[in-house]
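Accompanying notes for the structure given below.
The values are calculated or read from the model by the stated rules, or taken from the named source; none is laboratory data. If you're wondering where the values come from, they're calculated on a predicted model, not measured in any experiment. Here the Cβ positions follow ideal geometry from the backbone for every residue, glycine too, while neighbour counts run over all protein chains shown.
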Amino acid sequence: MTDIPPIIKSSAPEARIPATTSTATPYSSPLDMSKNTKKTNKALKIFISVLSVLLIVITIAGTAGFFLVYVPGKKLYSQAMDLKEDAKLLQDAVAQKDLKKTQTEIDNLKNKIKLLDVSLSRFAYLSAITRAKDYYADAKRMISVSLEGLDTGTVLIQTIEPYQDFLGLKGTATSSAKTTEDRITFLTNSIESLVPHLDTIDKKISNITTTLEEIDINRYPTEYQGIAIHDKFNQLTSTLELVKKYLDNGKPILSKTSWLLGKDKPRSYLVIFQNEGELRPSGGFWTAYATIKMDKGKVVPGPASNIYDLDDKLQSVVPAPRLIKSYHINVPYLNLRDSNLSPDFPVDAKIFLETYYKTMGKKDTFDAVVALDTNVLVDLVSVLGKLDTRVGTFTTEPDKRCDGCPKIIYDLEWISGRPRNYIEKNRKDFLAPLMQALLSNALGSEKTKIPLLGEAFFNNVNEKHILFYFPDEELQKSASLINITGNITQSDANTDYFHLNDANFASAKSNIFIRQKIKHEITVTGDKVEHKVTTTYTNPSAGSNCNLEKGDLCLNAPKYRDLFRFYVPKGSELIKMTGSEVEPLVYEELGKTVFEGFYGDKYPLYAKSSSKTTVNYKSSVKMSPSYSLLLQKQPGTKPIDYEVWVNGKQKDTFVWNSDKTLKITP
């Protein structure tokens, strides 16, 4: 990473700093997975997303019917309201993952909606009456949307039925696969047949979206009988928009499934292990790597080692870049282990790949780079129950030695980081056999655990504990569009953007203990949007004894040193920053304006203490009817309690564990 001189520097940490302005760069917004979505695989997530909106649809249809025929049509209104119970039965069937019961409830609900449509048609004469015709037309539209949505559910059931083994769904599997290896072979040979079904679903969702666009929700009250009509309607349209984007952007990856699984010839993957206990911009400190091949769906482990071996072979004499020189301790040169300085993982992955080829040669070239952090290990071992390896047995039971962190985390840190009175160059080589044991246990696990392992995998992808980079440009573009690459997203003219990026420089593994909370205050004046983001960092645990002579494990550094950067739309103007012990820097990077600060030398975060940083800035994105705010999560971070306030009123609270797009109105 080259040094980036600041464009503008303040004279004091809290001084006003004018920033240069420019227009925002267009982008395709990524998927925003709802915080309430259950841990489930991608296919089932789409299924639930499509079907769970039906209750909202019917509620709005019933409300439209209420205003349409309040006096002459109470029976019609009652008929519409009765459908809520049937919709609830359908939601329950989906939640139970019972395909047969779900299809039965779809058929039942579909018949009742058709009867509702017949009753509604008796009031067709209202289409000639001013205002009443609008409500009548909306009710007919919502019925059309409901029927199209139910048909979409039927198509999706037919699509995923052959894969019930993988998805953990109730019913009789149509696959004759017996062993895990058989099931993976079946998946490799058949999954691309999903694409035509997804084209059908995509078309139906397009029809639904087009119909919904014809409805002016402002004709209806914001809330009626405890039902937040506008919020529900906007939730419906947003969900459909995101599902459609996933379908459109995911099909290119899906069509390459057999290629990725090595159906035609083996594919090679470079796996990087990131330790998020020592948080770095792309997710965690690079600690080790492994190589694997996929051959007709089978995983073949290859060479693996710790990151220090590569650095020893590299013998870097490249001077440390500005970020290392300014904030790291006693690191004069740029080592590979410190090279993931960009919050954009593809940038960092290219550096790792180029360095690997430089030191190890190009005897084997890689089809993809995959980054994993320890959260992945914890979730997979939680499903397996335990993991037996040549270096010991690992579990995820709470360990009091690290204030209740999973035992596997403490054990791994102890093996790799305990003080020694001798030089041990290969102290992290245990990670390779550990991963081989994990793969072996996962692939050889009983049938009932396969869907749970799949759920854990997809959840970790969604929360950015697993990241992908593909040297193939077409694959990389598709992967970026479905938001699995950890890249910094470019935003369009109506989409505001916010990304907080923290980097732990020389503070042991303190991020195991540190928690964050964010209060995001938005002030709208005319078309101007001003943000004030307050981040509270809390370390509730006692500091470790980091005296190496005593021989204790140094996990929680008594003092935490943090480089923090805020990435916002290009051209945004910094008003004020607090909590930084250095002068804030403002510059442009990755198509964004960056506000940079640091604490840790003069005013560190002490163990059993907390500290705050704030950034106050004016966004270059103007308020408009289409305004939204994209919150892009840093890979590797823990869930963050997040509050959103607009013009002094609290609008939303949620747990920020994946990228999220908010619709903001003053």
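Of the set (1) surrounded by 17 or more Cβ atoms within 10 Å (Cβ to Cβ); (2) over 29 Å from the mean Cα position of the chain (by Cα), all apply to VAL271 but (2).
Condition check ((1) surrounded by fewer than 22 Cβ atoms within 10 Å (Cβ to Cβ); (2) in a helix (DSSP H, G or I); (3) among the hydroxyl-bearing types (Ser, Thr, Tyr)) across all residues:
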| position | (1), (2), (3) |
| --- | --- |
| SER491 | no, no, yes |
| GLU521 | yes, no, no |
| VAL524 | yes, no, no |
| VAL529 | no, no, no |
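Exactly one residue out of ASP364, ASP388 is over 29 Å from PHE564 (Cα atoms) and outside any loop (DSSP other than H, G, I, E, B): that is ASP388. Note on segment 457-467: residues that are surrounded by 20 or more Cβ atoms within 10 Å (Cβ to Cβ) and either over 13 Å from the mean Cα position of the chain (by Cα) or of a type in the set (Val, Ile, Thr) (or both) total 1.
Of all residues in segment 273-312, those satisfying the criterion of being in a strand (DSSP E or B), closer than 25 Å to LEU260 by Cβ and of a type outside the set (A, V, I, L, M, F, W, C) are GLN274, TYR289, THR291, LYS293, ASP295, LYS298, PRO301, GLY302, PRO303, SER305.
In this structure, GLY571 does not qualify as under 23 Å from the mean Cα position of the chain (by Cα), more than 26 Å from GLY277 (Cα to Cα) and not acidic (Asp, Glu).
May I ask you to verify whether VAL317 is at pLDDT 85 or above and outside any helix (DSSP H, G or I)? Criteria met by VAL317. Restricting attention to segment 556-612, the residues being under 30 Å from ASP403 (Cα atoms) and among the basic types (Lys, Arg) number 6.
The selection criterion, being within 27 Å of the chain's Cα centre (by Cα), within 17 Å of ILE514 (Cα to Cα) and touching a residue at least 12 places away in the same chain (Cβ under 8 Å), does not hold for PRO558.
Can you say whether PHE233 is over 28 Å from THR159 (Cβ atoms) and either of a type in the set (S, T, N, Q) or surrounded by 17 or more Cβ atoms within 10 Å (Cβ to Cβ) (or both), as far as the supplied structure shows? No. Of the residues making up segment 584-604, just one is among the aliphatic types (A, V, I, L, M) and surrounded by fewer than 22 Cβ atoms within 10 Å (Cβ to Cβ), namely LEU590. If we scan segment 307-319, do we find a residue that is surrounded by fewer than 21 Cβ atoms within 10 Å (Cβ to Cβ), touching a residue at least 60 places away in the same chain (Cβ under 8 Å) and closer than 18 Å to MET435 by Cβ? Taking every residue of segment 307-319 in turn, at least one turns out to be surrounded by fewer than 21 Cβ atoms within 10 Å (Cβ to Cβ), touching a residue at least 60 places away in the same chain (Cβ under 8 Å) and closer than 18 Å to MET435 by Cβ.
In segment 463-483, of all residues being in a loop (DSSP other than H, G, I, E, B) and closer than 30 Å to SER624 by Cβ, the one that is modelled with the highest pLDDT corresponds to LYS464. Within segment 391-404, the set of residues being part of a helix (DSSP H, G or I) and crowded, with 17+ Cβ neighbours inside 10 Å comprises CYS402 only. The set of residues from segment 320-371 being among the acidic types (Asp, Glu), over 22 Å from GLY636 (Cβ atoms) and surrounded by 15 or more Cβ atoms within 10 Å (Cβ to Cβ) comprises just one member, ASP367.
Checked against the criteria, LEU336 does not count as over 19 Å from SER268 (Cα atoms) and touching a residue at least 60 places away in the same chain (Cβ under 8 Å).
In segment 223-250, what residues are more than 19 Å from the chain's Cα centre (by Cα) and not acidic (Asp, Glu)? TYR224, GLN225, GLY226, ILE227, ALA228, ILE229, HIS230, LYS232, PHE233, ASN234, LEU236, THR237 - these are the residues of segment 223-250 that are more than 19 Å from the chain's Cα centre (by Cα) and not acidic (Asp, Glu). Of all residues assigned to segment 555-575, at least one qualifies as being in contact with a Ser or Thr (Cβ under 9 Å, 6 or more places away or on another chain), more than 22 Å from LEU605 (Cα to Cα) and of a type in the set (Ser, Thr, Tyr). Restricting segment 420-453 to residues that are out of contact with any Leu (no Cβ under 9 Å at 6 or more places or on another chain) and among the small types (Gly, Ala, Ser), the residue that is modelled with the lowest pLDDT is ALA432. Any chance segment 634-656 includes a residue that's modelled with pLDDT of 95 or more, assigned to a loop (DSSP other than H, G, I, E, B) and of a type in the set (Lys, Arg)? Scanning segment 634-656, I find at least one residue that is modelled with pLDDT of 95 or more, assigned to a loop (DSSP other than H, G, I, E, B) and of a type in the set (Lys, Arg), so the answer is yes.
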